[in-house]
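**Q** Would you mind keeping the following structure in view while I ask a few things?
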There are 2 protein chains.
Amino acid sequence: MTPEDFRQAGHDLIDWIADYRSNLEQRPVRAQVDPGDIRRSFPTTAPETPQPPEQLLAELEHRVLPGLTLAQHPMHYGWFPANASLASVLGDIASSGLGTLGISWESCPALTEVEEVVCDWMRQLTGLSDSWEGCIQDTASTSCLTSLLLARERASDYAQNHGGLQATDKPLVVYTTAEAHSSVVKAALLAGFGSDNLRMVAMDPEKRSMQSESLAQMVAADIAAGCIPAAVIASVGSTGVTAFDPVAEIAEIAARHDIWLHVDAAMAGSAMLLPECRYLWEGVEAADSIAWNPHKWMGTILDCSLMYVRDVQHLVRVMSTNPSYLRSSVDDEVKQYRDWGIPLGRRFRALKLWYHLGIDGIESIRERLRRDLDNARWFAELVANAENWQVLATVELQTVCIRHQPPGLGGEALDRHTLAWVNAINQSGAAFMSPSILNERWMVRVSVGVEATTRAHIEKLWALIQQQVEESTF
Amino acid sequence: MTPEDFRQAGHDLIDWIADYRSNLEQRPVRAQVDPGDIRRSFPTTAPETPQPPEQLLAELEHRVLPGLTLAQHPMHYGWFPANASLASVLGDIASSGLGTLGISWESCPALTEVEEVVCDWMRQLTGLSDSWEGCIQDTASTSCLTSLLLARERASDYAQNHGGLQATDKPLVVYTTAEAHSSVVKAALLAGFGSDNLRMVAMDPEKRSMQSESLAQMVAADIAAGCIPAAVIASVGSTGVTAFDPVAEIAEIAARHDIWLHVDAAMAGSAMLLPECRYLWEGVEAADSIAWNPHKWMGTILDCSLMYVRDVQHLVRVMSTNPSYLRSSVDDEVKQYRDWGIPLGRRFRALKLWYHLGIDGIESIRERLRRDLDNARWFAELVANAENWQVLATVELQTVCIRHQPPGLGGEALDRHTLAWVNAINQSGAAFMSPSILNERWMVRVSVGVEATTRAHIEKLWALIQQQVEESTF
């Protein structure tokens, strides 16, 4: 494809994207397809002859579009807000257009240095001190795994350079809670600790936050039993009910026993752009690593997870590779982001954050976040004041956990009722919410925060829910 | 940013990208900046007020562009070809525009199913049997780490569900060669095996391919010593000299001892699109996992690494997470790619492969690969026939390893000479090649395969090299 062909097809594609984003609200939120529908709409072998870009665009419209669940739809209240703000989309397009190769500073100095710049801007915007240095990972899952590898190597005095985890004398132990994101357990298992060495610390039964006394007791018991406490993962805004572990208290225990503290603020990191929310991660300065995702509520297009560490030398010692074919004469003076994570090759992700901050501006982003907080509180009040409705967790940010509980309905019958009404709405395409289990019973998470979601959409959602519940209540 | 603002700014950006790609050849290949130049050109704090998109575009031109080393420049012969073909760029832009959220089938059925489709197309196009199922990872580094985790858990009977790697009775051992990519050692260390349990198998001194007899002996010795051989990584087209390990012979040994065989064909996988090259990975059907990067020579924009496995059930058992908030009623009927790798959230990467195959067409891709093979052989002959020049490794594909050796020059003086001429050319911006160490002496890798590189560019390179060598020879 020549640059001139690309120019023409690119303009068509931009128009198509602008139209698509303008007309989102007319489409169903959840893809109205069955498993296999999209796959079967494609030929089973690759096209043998070239197709004109117009044909690809037509296929994008007719084959792909029906298979999208629309994360930017104003009636999308599922999982977490994934706004893919158009300013950040533009930066992502710039990244694609530049086609850079990020494998060393020399392979693309700008890729490295703009990432340094925007990570530092984001550090300041979330109120972190300058003792932190950051990079962009794909997701909080990867940031968490990377942090646990750093914890593992610190606790084992760099066992990777000897017999590895298999030669450690005493078992290394990891602490978190049952409320932590599934990626925390996954990271601990992939890092090789083993589930026997993963401790689920007791939680406050209401807030579902980690009980620091329980952590202290578990750590003491493990030490007495000859284990080495290696890492604790604190959730700052859990996925389930937006629980906040007490970071300051946990940090104190971690410091006392030289335990690596990783703060997983994947979702709630966006709230730290608001000074009035920062009390929610008080004590974070004493952590060893922090990760949060601008690609969630803040609205930068996925994939964009910020990871910060304080001990860069340790990070690089664990993650570094330095083969001859990647060396250059300036290596001592530059940052090599390949030594900050698992992949060697990296996209120019900093551009989407730069564009997002540059075009939208931090103040308008903050305004929107505050609007979402208001909307969520307003919705929670509506629900709490309605007959037979419950708000199941404190609405700390923009997620509201709700359940409709008709008199006399409990146990599995209540679960069937909950899943019936939420699935009916989800499958209709009128709105989308995430059913989720809390204390062994299904509830519904309403995650407010799509850029296009206004107060009127919340009203519409509440009307829809009430109508559906009426219909499905026997 | 509204869709209409996006439309206007998007058109401007597309024009800018088309111009940028048209005029690449007029720019220096290697960025002409010093460490810190780009960083210092940015403000130290985030912009407080929004900037118009035109300003961002102007800054992209004046601040970012000088910091790019141009991987698509016809005189770029460094590392590996990273073509970012414009057809695939278009697909990548579509992915950005759709702003999809890939965390489960339900979150975007098309993202999952188009990935299934293109991975299967690519399987067929590289001559693999239908016993393989694939997915797209970011890089071969991540594919290799994932494969080693699969190996670790198979050899330890799912130790992750018990005491982890720290509770295994007998050390698990990993085998590769010193010629393997740096990411293989990194993956083995990150997976927790420890460097003591990483064996460097002897190589054919000429071809630098793994000696299977040496592997067999090492495996036998390890078993006798009470170790468990867990994984062997075979390089199919190494980064250094494009060495090919004998996959069939290795597979036989691996099968005999139930060792996981991962085939790392990151670079040479592209060659498997050519039936006449497939003898180079003969035996691959007996491997357990394969990874190769369309984002290398084939020319799909980074990041795009294909990983194939045969035992999907095992893969999912090791990598799966299934929290309640990600479940849906169709989970039994669909593929959940979150269980195929480390990150939970995934971009819609299949679009760039689909667009690449669709618009360029497989036949034109194959033609270009064959042209590059011809160009590389032609260049190698030029060098081999020139006085005081050596081609240091068989030119199996498109990488030519060369050294200028004036009479009487050896040892460190020869290294100084090699680095002097290659760095002079690289720093001039006229062409770019990768200095690399072979048998403890510096040589120069000339990696042919940029889409824009014609025979005339190779002639120009050779003239440039000869001139530079003359100037720097005392």
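The values are calculated or read from the model by the stated rules, or taken from the named source; none is laboratory data. Remember, it's a predicted structure, so these values are computed and weren't measured experimentally. Neighbour counts run over all protein chains shown; Cβ positions are idealised from the backbone, glycine included.
**Q** Going through the range A:153-198 one residue at a time, which ones are more than 19 Å from A:Ala216 (Cβ to Cβ) and of a type in the set (A, V, I, L, M)?
**A** A:Ala159, A:Leu165, A:Ala167, A:Val184, A:Val185, A:Ala187, A:Ala188, A:Leu189, A:Leu190, A:Ala191 - these are the residues of the range A:153-198 that are more than 19 Å from A:Ala216 (Cβ to Cβ) and of a type in the set (A, V, I, L, M).
**Q** Which one of A:Leu302, A:Leu306 is in the same structural domain as A:Cys135 (by TED's automatic domain parsing) and in a loop (DSSP other than H, G, I, E, B)?
**A** A:Leu302
**Q** Scan the range B:321-350 for residues that are within 30 Å of B:Gly299 (Cβ to Cβ) and at the interface with another protein chain (Cβ under 8 Å from one of its Cβ atoms) and jot them down.
**A** Listed by number, the residues that qualify are B:Ile342, B:Pro343, B:Leu344, B:Gly345, B:Arg346, B:Arg347.
**Q** Take B:Arg455 and decide whether it is under 28 Å from the mean Cα position of the chain (by Cα) and closer than 22 Å to B:Gly237 by Cβ. Give the steps one after another, and end with the answer.
**A** Values: under 28 Å from the mean Cα position of the chain (by Cα): yes; closer than 22 Å to B:Gly237 by Cβ: no.
No, not satisfied.
**Q** Can you spot a residue in the range B:318-331 that is touching a residue at least 24 places away in the same chain (Cβ under 8 Å) and within 27 Å of the chain's Cα centre (by Cα)?
**A** Scanning the range B:318-331 turns up at least one residue that is touching a residue at least 24 places away in the same chain (Cβ under 8 Å) and within 27 Å of the chain's Cα centre (by Cα).
**Q** Now a separate question. Could you list, in sequence order, the residues of the range A:179-199 that are touching a Lys or Arg at 6+ places or on another chain (Cβ under 8 Å) and either of a type in the set (Val, Ile, Thr) or under 28 Å from A:Phe244 (Cβ atoms) (or both)? Write out each step before concluding.
**A** Of the residues in the range A:179-199, the ones touching a Lys or Arg at 6+ places or on another chain (Cβ under 8 Å) are A:179, A:191-193.
Answer for the range A:179-199, where residues must be touching a Lys or Arg at 6+ places or on another chain (Cβ under 8 Å) and either of a type in the set (Val, Ile, Thr) or under 28 Å from A:Phe244 (Cβ atoms) (or both): A:Glu179, A:Ala191, A:Phe193.
The rows are residues; the columns are (1) under 30 Å from A:Trp292 (Cβ atoms); (2) buried (at least 24 other Cβ atoms within 10 Å of the Cβ); (3) out of contact with any Ser or Thr (no Cβ under 8 Å at 6 or more places or on another chain).
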| site | (1), (2), (3) |
| --- | --- |
| B:Cys277 | no, no, yes |
| B:Trp281 | no, yes, yes |
| B:Met298 | no, yes, no |
| B:Pro323 | yes, no, no |
| B:Arg338 | yes, yes, no |
| B:Pro343 | yes, yes, no |
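**Q** Next question, about the same structure. Counting just the residues of the range B:92-102 that are at the interface with chain A (Cβ under 7 Å from one of its Cβ atoms) and part of a helix (DSSP H, G or I), which one comes out surrounded by the fewest Cβ atoms within 10 Å (Cβ to Cβ)?
**A** Per the criteria, the residue is B:Ala94.
**Q** Counting only residues that are surrounded by fewer than 24 Cβ atoms within 10 Å (Cβ to Cβ) and not charged (D, E, K, R), which one in the range B:61-79 is farthest from B:Gly299 (Cα to Cα)?
**A** B:His62
**Q** Would you mention how many residues in the range B:103-142 are part of a loop (DSSP other than H, G, I, E, B) and not hydroxyl-bearing (Ser, Thr, Tyr)?
**A** Of the residues in the range B:103-142, the ones part of a loop (DSSP other than H, G, I, E, B) are B:103-108, B:126-132, B:138-139.
From what is left, the residues that are not hydroxyl-bearing (Ser, Thr, Tyr) are B:103, B:105-106, B:108, B:127-128, B:130, B:132, B:138.
Adding up the residues that qualify gives 9.
**Q** Kindly list the number of the only condition in (1) at the interface with another protein chain (Cβ under 7 Å from one of its Cβ atoms); (2) of a type in the set (Lys, Arg); (3) closer than 25 Å to B:Ser428 by Cα; (4) more than 27 Å from the chain's Cα centre (by Cα) that fails for B:Arg7.
**A** Answer for B:Arg7: the failing condition is (3).
**Q** Hey, any hits in the range A:407-414 for a residue that's on the phi < 0 side of the Ramachandran plot, in contact (Cβ under 8 Å) with a residue 12 or more places away in the chain, in contact with a helix residue (DSSP H, G or I) (Cβ under 6 Å, 6 or more places away or on another chain) and not small (Gly, Ala, Ser)?
**A** If we filter the range A:407-414 for residues that are on the phi < 0 side of the Ramachandran plot, which is where we start, we get A:407, A:409-410, A:412-414.
Subset that is in contact (Cβ under 8 Å) with a residue 12 or more places away in the chain: A:407, A:414.
Still in the list and also in contact with a helix residue (DSSP H, G or I) (Cβ under 6 Å, 6 or more places away or on another chain): none.
No, the range A:407-414 has no match at all.
**Q** When you scan the range A:251-268, how many residues do you find that are among the charged types (D, E, K, R) and assigned to a helix (DSSP H, G or I)?
**A** The number of residues fulfilling the criteria is 2.
**Q** Tell me whether the range A:41-51 contains one or more residues that are within 20 Å of the chain's Cα centre (by Cα) and crowded, with 17+ Cβ neighbours inside 10 Å.
**A** No, there is no match, as no residue in the range A:41-51 is within 20 Å of the chain's Cα centre (by Cα) and crowded, with 17+ Cβ neighbours inside 10 Å.
**Q** In the range B:173-184, which residues are within 13 Å of B:Ser143 (Cα to Cα) and within 7 Å of chain A (Cβ to nearest Cβ)?
**A** B:Ser183
**Q** Condition check: in contact with a strand residue (DSSP E or B) (Cβ under 8 Å, 6 or more places away or on another chain), in the same structural domain as B:Leu150 (by TED's automatic domain parsing) and over 24 Å from A:Gln160 (Cβ atoms). Does B:Val247 satisfy that?
**A** Considered against the rule, which asks whether it is in contact with a strand residue (DSSP E or B) (Cβ under 8 Å, 6 or more places away or on another chain), in the same structural domain as B:Leu150 (by TED's automatic domain parsing) and over 24 Å from A:Gln160 (Cβ atoms), B:Val247 comes out as yes.
**Q** Condition (residue is outside the structural domain of A:Asn23 (by TED's automatic domain parsing), of a type in the set (Phe, Trp, Tyr) and in contact with a Phe, Trp or Tyr (Cβ under 7 Å, 6 or more places away or on another chain)) applied to the range A:415-436: is it met by at least one residue?
**A** We begin by selecting, within the range A:415-436, every residue outside the structural domain of A:Asn23 (by TED's automatic domain parsing); these are A:415-436.
Cutting the leftovers down to of a type in the set (Phe, Trp, Tyr) gives us A:421, A:432.
With the extra rule that they be in contact with a Phe, Trp or Tyr (Cβ under 7 Å, 6 or more places away or on another chain), the set shrinks to A:432.
Yes, the range A:415-436 has at least one match.
**Q** Picking from A:Leu215, A:Leu189, A:Leu150, which residue would you name as being closer than 15 Å to A:Ala230 by Cβ, in a helix (DSSP H, G or I) and free of Cβ contacts under 8 Å to residues at least 24 places away in the same chain?
**A** Matching residue, one of A:Leu215, A:Leu189, A:Leu150: A:Leu189.
**Q** Answer yes or no as to whether B:Ser88 is among the hydroxyl-bearing types (Ser, Thr, Tyr), under 30 Å from B:Leu24 (Cα atoms) and facing chain A (nearest Cβ under 8 Å). Give the derivation first.
**A** Working: among the hydroxyl-bearing types (Ser, Thr, Tyr): yes; under 30 Å from B:Leu24 (Cα atoms): yes; facing chain A (nearest Cβ under 8 Å): no.
Answer is no for this residue.
**Q** Related question: Here is a check on your reading of the model: is A:Ala230 touching a residue at least 24 places away in the same chain (Cβ under 8 Å) and assigned to a helix (DSSP H, G or I)?
**A** Numbers: touching a residue at least 24 places away in the same chain (Cβ under 8 Å): yes; assigned to a helix (DSSP H, G or I): no.
It is false that A:Ala230 is touching a residue at least 24 places away in the same chain (Cβ under 8 Å) and assigned to a helix (DSSP H, G or I).
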